[in-house]
Structure formats: structure tokens, C-alpha cells
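The values are calculated or read from the model by the stated rules, or taken from the named source; none is laboratory data. Predicted model only: the values in this text are computed from it and were never measured. FYI the Cβ positions are ideal-geometry reconstructions off the backbone, even for glycines, and counts take in every protein chain you see.
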Amino acid sequence: MSAPWWQGLDLRVLRHVRGVLRRRELELTLVEHRPAEACSYAAVSPQAPNGAGLAVIAPTLSTPELGLIEHMLGEAAADVASALAERVAQIEPPGARTSYAGIVGSSPAMLELYSLIDRVGPSGSTVMIAGENGTGKELVARAIHQRSERRDHPFIVTNCSAFNDNLLDSELFGHARGAFTGAVSEKAGLFDVADLGTFFLDEIGDMSPMLQVKVLRVLQEGTFTRVGDTATRKVDVRIIAATNRDLSAMVKAGQFREDLYYRINVINVELPALRARRDDVPRLIEYFLGRHSNGGGPKQLAPECFAQLLGYAWPGNVRELENEIERLVVLAGDAQIIGAELLSPRIRHHVVAEPAPGEPGSLPAAIEALERKMIGAAMRRHSGNKTRAADDLKVSRRNLIRLVQKYELEK
Ligand SMILES: Nc1ncnc2c1ncn2[C@@H]1O[C@H](COP(=O)(O)OP(=O)(O)OP(=O)(O)O)[C@@H](O)[C@H]1O
Ligand SMILES: [Mg+2]
């Protein structure tokens, strides 16, 4: 038999109902019409009381028990109906998606990301987003919030590396009056503000061990205390954390709490570097040209300018690309066509790997050849030490490991 049609619809009520039923060794079933057997039944649509719905067939239960289950099913059926309506509204043929909640891209990696957000968003789970600078971690966190039941509540962002420890403590958790010099009045923290919503903790790897403990407590017990205060406060906040550091290595080095690491790593979302999804570059260019066109129609790129942008490796990822396009639009002034001479020097002068004579001039092939060559050389230089090779090449260790595997460069 195929999987039940509600599988994958993450519904708290439904899960609750199923838990109760399991304890009584009863099964939830989908029926097209109300069956003749003794059962509890709730139609998914009030317009079709004898149409499709959730049923529990249980001839051995007493009438009051059946009534109770029917009542629970009623709530679950309403949830199923609205989740289904939402899902139907979103269904597009696969491959047709070119963007998602402001995230632009239609490469396989991005399509996979969109479907992951579809599933992760409503789940309410804690999420860890990993990715290099400028890959869109905050954008994705926002999309997950939008896709969740918390969407009408706050989405709060804090960059944990932007404050010193004491400031971050009072920023996140608030402080009591007189907690420290200058604390003239009591102040609520961002966790108070984020109640019922989502908290995006960026650069969580930069958080001190003391604050790691406080965050862990929010995750485990939903409680915290303000700086200089003893009262315990309760919050209901979903945490999404991000980092561009290698947290598992930090755990091994004793710089990041292992318990917190496992608690936030419930669902791991890895954002691809832009160079790993080059097919998206033209679409992103078009998107940013449109976004940064002020008044007049979007400007266009001269062919050489476009080619240089396509060949560049984008170590700063989408953020670097966006900044470059904004810069080009400004520098072009009234001109409608943007020439290559306006490009930033590092992009104008980078050498696009030339195909060897007689080789087909495929850009991805040339990039792969260059990647293979540079990574192979760095691995040899550092006797196979990936951390040092990654440092040398200015890529993340995670990324290097992936490429070493891809090109089979492990000695
Ligand atoms: N896929 C994308 N589509 C459209 N815009 C994007 C995409 N990815 C990133 N951006 C844009 O690039 C900029 C950087 O994105 P964001 O701040 O989400 O990245 P980040 O991973 O949090 O970066 P950092 O690590 O530097 O904080 C933003 O202006 C964002 O709107
Ligand atoms: Mg960010």
C-alpha cells in the first residue's frame, strides 16, 4: 500500500491524535466516504460531510470514547484541510521554480533547498544553516520562518559576533535595573521580543561558553533570566542558527559546547557556494540589475562584461555579486549598456581559464580543471592536511573536503 496521503503534512494536532491512537492500538485511516462500520469520522471539508476524511474504525470502543476521538479528529481534519489547500496552491511542476521567497536560483541545489524549506519550515524544529559568507543564510532563515506557523510573529536577527559578551547577554536576554553601570532602567531582551516567533542567531560559533549555556537552556526548558535578575522568564521561540565556521571542529577543540551543538543540529541546511551553482549566475545578474535599476528600465551588460562576471569565482558569493552589480549600475550613470571597463579590477583582471587547443571550450570543464589543479597542488604542499590546504586556498574546510572527494585527490 502506498504511504498515507497525509504523510509529510506536519500537523501538531494530527501527531497528537496519532499518539493517543497508538497507545490504544488504533489506526487512523483515510476514507473516501463514511464507512458503514462503527467508527469515529471527521470530514476534511464541511461542504462534503460524507466525502474524504479521517476515520478511526473501532468497533470495540464505547460511544463516549468514540465521541471524544471524533472531537479530536475534527480539529485534525480542519488542519489537514488547510494544509492541503496551501500545498495545492504551491504545487508547481518540478523544475519550474526559479525563486522562492526572495531566494533566486533554479540550479538543482537550489531546487533541493526549496523543497527542504517546504518540509523544514512547518516542522518547528531547530535549524542549523551552514554556508560561506554571502550565500544567503539570513534569507533562508527568513524563508523558513515565513513557511512556519510562526509567520505572523516576530522574526528577530542577532549577529553574535557584533557585540562583546556582556552587551550580547543583555541584548539577548535583557537586564534588571542597576545590573551594571548605565542600566538605569529594566530592559527586555530580544528573546522577550521574539516570543512565539523565530530567533535567527547568526555567527553562533562566536558566542562565548557562558552565553552558549543560556541559549541551551532556552532550547531545553524555554526559560532564561535577565542580566542581574533572578526571576525565571518563559519564552516560546524557535531558534535558527547560522555559522560559517566549522562547528564540529570547534566542538573537538573544546571551543563550542557539544550538547548545544547536538541540540541545534537537529536539521542541517547547507547552502552551496555560488561557484558550485554557476548556472544561477545569469539569473541572479538579471535579478539584481532589475532590483538596482532606479526608475528607468534595467540596464544591460555588454557581452565582455557578462563573460567576465560569469568566469569569476565569487568567493564572496551572492553578496559579492549583488554589490558588484549595484556598483556597475551606479558607475554606468545614464548609459544603458554597462561595459567591462567598469568592472572592479579583481573581476576585470581575473583570468578565465582558457581551454587547451583542440579542447571544447566549456566553462564548467575549464573551472573543474583549474579546481583540480589548484587543490591537488595545495594538498601536496600541505602533505594532505586539509585544514591548512583550505586556509591556503581561502575556502572553507567543508568545501575543500567536498572537492577533494569529487576529484579523488585524497592520497
Ligand atoms: N539566492 C539568493 N537570491 C537572491 N539574493 C540573495 C541570494 N542569496 C543571497 N542573496 C542576497 O545577498 C545578500 C547576502 O545574503 P545573506 O545576508 O542572506 O547572506 P549570509 O549567508 O547571511 O551572509 P553573511 O555570512 O555574510 O552574513 C543579501 O542582500 C541577500 O538578499
Ligand atoms: Mg548573514
Cβ-Cβ under 7 Å pairs, at least 6 apart or on other chains, region 241-264 side more than 25 Å from F155 (Cα to Cα), far side assigned to a helix (DSSP H, G or I) and among the acidic types (D, E): V251/E258
What do you reckon, is A194 touching a Pro at 6+ places or on another chain (Cβ under 9 Å), away from ligand 1 (no atom under 11 Å from the Cβ) and within 19 Å of F224 (Cα to Cα)? yes
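Here is a yes/no grid of residues against (1) out of contact with any helix residue (DSSP H, G or I) (no Cβ under 7 Å at 6 or more places or on another chain); (2) within 16 Å of ligand 2 (Cβ to nearest atom); (3) not in a loop (DSSP other than H, G, I, E, B):
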position	(1), (2), (3)
G205	no, yes, yes
K214	no, no, yes
V218	no, no, yes
D229	yes, no, no
A241	no, yes, yes
V251	no, no, yes
Matching residues, region 126-164, being among the aliphatic types (A, V, I, L, M), away from ligand 1 (no atom under 13 Å from the Cβ) and without any contact (Cβ under 8 Å) to a residue 60 or more places away in the chain: I156
Considering every residue within region 324-342, establish whether at least one is within 17 Å of G136 (Cβ to Cβ), of a type in the set (K, R), assigned to a helix (DSSP H, G or I) and not assigned by TED's automatic domain parsing to the domain that holds R217. no
It is to be established whether one or more residues within region 76-98 are under 20 Å from R275 (Cβ atoms), at pLDDT below 95 and away from ligand 2 (no atom under 16 Å from the Cβ). yes
When you go through E258, E286, E304, E270 one by one, which is the residue that is of a type outside the set (K, R), closer than 24 Å to E371 by Cα and under 25 Å from the mean Cα position of the chain (by Cα)? E270
Please enumerate the residues belonging to region 180-232 that are in contact (Cβ under 8 Å) with a residue 60 or more places away in the chain and among the acidic types (D, E). D202
Qualifying positions in region 184-194 - outside any helix (DSSP H, G or I), buried (at least 16 other Cβ atoms within 10 Å of the Cβ) and charged (D, E, K, R): K187
Residues of region 307-339 being more than 24 Å from the chain's Cα centre (by Cα) and β-branched (V, I, T), in sequence order, are I325, V329, V330, I337, I338
Of all residues being closer than 19 Å to M110 by Cβ and surrounded by fewer than 17 Cβ atoms within 10 Å (Cβ to Cβ) in region 281-312, which is nearest to ligand 2 (Cβ to nearest atom)? Just the residue, please. R291
Neighbours by Cβ (under 6 Å, 6+ apart or cross-chain): first from region 312-330, near ligand 1 (Cβ under 8 Å from one of its atoms); second among the charged types (D, E, K, R): N317/E132
Only one residue in L260, L289, L284, L310 is in a helix (DSSP H, G or I) and closer than 30 Å to M207 by Cα. Which one? L260
Would you check if there is a residue in region 217-234 being in the same structural domain as A141 (by TED's automatic domain parsing) and within 30 Å of G316 (Cβ to Cβ)? no
